[in-house]
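Engineer: The structure's right below; bear with me while I get my questions together.
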Amino acid sequence: MAARRTPYSGESSASGERGESGQQLPAVAPRMGATPRSGGESGDGSARRVRDVRVVPFESPLLDASALCRDAARWDPDLVVSVGTFEDDLAVARERATLPERTVLALVAAGLAAFGDELGARAEGIIGPSQWEPAAGDTPLLGPDSDSFIGAFEEAFRRPPEYPAAQAFAIGLILMECRRRCGGSLDDAALLDAARALETTTFYGGFRLDPWTGRQVGHGIRLVRWQDGRKRVVD
């Protein structure tokens, strides 16, 4: 499976073959899981996993989510994952009844509170990734905690923040700390060196750069499920 950019985070995510627009909906069939030998190991002592992954590319904007879901339903999947725009994911969610009742539906958009606002009861049971869940956060080493950030944001904008706003503010905190460590310099190379040496946490989560690739590897993604009209952390 290849890595590609999503319209939500700018980070790489796993996906399969790509259509011209890059969006797609992979369905994971019932055979996904472990096929153990002697207590969960293969003959050479390593764990074995058998996966049957089917990929259905689609172009965005998604014009016929019903046909796409019917196509996925033919495989009687355990799990269907849609990776498209927010509007594409809403369209797939509205066709949830097209899929088998036991099929779990996972959508990138489900990590946003706006997803539940748009769908209401139809969001029930849908899972998705979330980059920031205030209730699940640890005490930050740098900057304000989540409650302080949320309070200031709501006072300024009269609405609660979604994770992109939290992400942007956290980037500012990291930049300020790197600049402090550089003695106030805004030189790109100096700031990058400071960032590479920095390992900390903000209200948004952990921050640590891989020394070889420069990728942010300190931040973890939460899995959430919509239940009783609310997002709930399940991992």
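Engineer: Could you please let me know if Ala14 is out of contact with any helix residue (DSSP H, G or I) (no Cβ under 9 Å at 6 or more places or on another chain), outside any loop (DSSP other than H, G, I, E, B) and modelled with pLDDT of 90 or more?
Structural biologist: Spelling it out, it is not the case that Ala14 is out of contact with any helix residue (DSSP H, G or I) (no Cβ under 9 Å at 6 or more places or on another chain), outside any loop (DSSP other than H, G, I, E, B) and modelled with pLDDT of 90 or more.
Engineer: Sticking with this structure for a sec: What about Val234, is it surrounded by 14 or more Cβ atoms within 10 Å (Cβ to Cβ), closer than 30 Å to Ala114 by Cα and either hydroxyl-bearing (Ser, Thr, Tyr) or within 21 Å of the chain's Cα centre (by Cα) (or both)?
Structural biologist: no
Matching residues to (1) modelled with pLDDT of 90 or more; (2) in contact with an Asp or Glu (Cβ under 7 Å, 6 or more places away or on another chain):
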site: Ala65; (1), (2): yes, yes
site: Asp71; (1), (2): no, no
site: Asp76; (1), (2): no, no
site: Phe86; (1), (2): yes, no
site: Ala91; (1), (2): yes, no
site: Glu95; (1), (2): yes, no
site: Pro100; (1), (2): yes, yes
site: Thr103; (1), (2): yes, yes
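Engineer: Further question on the same structure: If I filter the stretch 139-152 for residues that are within 30 Å of Leu79 (Cβ to Cβ), at pLDDT below 95 and surrounded by fewer than 17 Cβ atoms within 10 Å (Cβ to Cβ), do I get at least one hit?
Structural biologist: There is no residue in the stretch 139-152 that is within 30 Å of Leu79 (Cβ to Cβ), at pLDDT below 95 and surrounded by fewer than 17 Cβ atoms within 10 Å (Cβ to Cβ).
Engineer: Name the single residue that is surrounded by the fewest Cβ atoms within 10 Å (Cβ to Cβ) among those in the stretch 161-189 being within 19 Å of Asp147 (Cβ to Cβ) and in contact with a Phe, Trp or Tyr (Cβ under 7 Å, 6 or more places away or on another chain).
Structural biologist: Ala165
Engineer: Could you grab the pairs with beta carbons closer than 7 Å, sequence gap of 6+ or different chains, first residue in the stretch 217-235 and assigned by TED's automatic domain parsing to the domain that holds Ala121, second one among the aromatic types (Phe, Trp, Tyr) and outside any strand (DSSP E or B)?
Structural biologist: none
Engineer: Would you mention how many residues in the stretch 186-197 are in a loop (DSSP other than H, G, I, E, B) and touching a helix residue (DSSP H, G or I) at 6+ places or on another chain (Cβ under 7 Å)?
Structural biologist: 1
Engineer: State yes or no: is Thr200 over 18 Å from the mean Cα position of the chain (by Cα), over 30 Å from Arg122 (Cα atoms), among the β-branched types (Val, Ile, Thr) and not in a loop (DSSP other than H, G, I, E, B)?
Structural biologist: yes
Engineer: Going by the structure shown, is Ala97 free of Cβ contacts under 8 Å to residues at least 12 places away in the same chain and more than 13 Å from the chain's Cα centre (by Cα)?
Structural biologist: Answer is yes for this residue.
The values are calculated or read from the model by the stated rules, or taken from the named source; none is laboratory data. These numbers come from a predicted model, not from an experiment. Ideal geometry is used to build each Cβ from the backbone, glycine not excepted, and the neighbour counts take in all protein chains shown.
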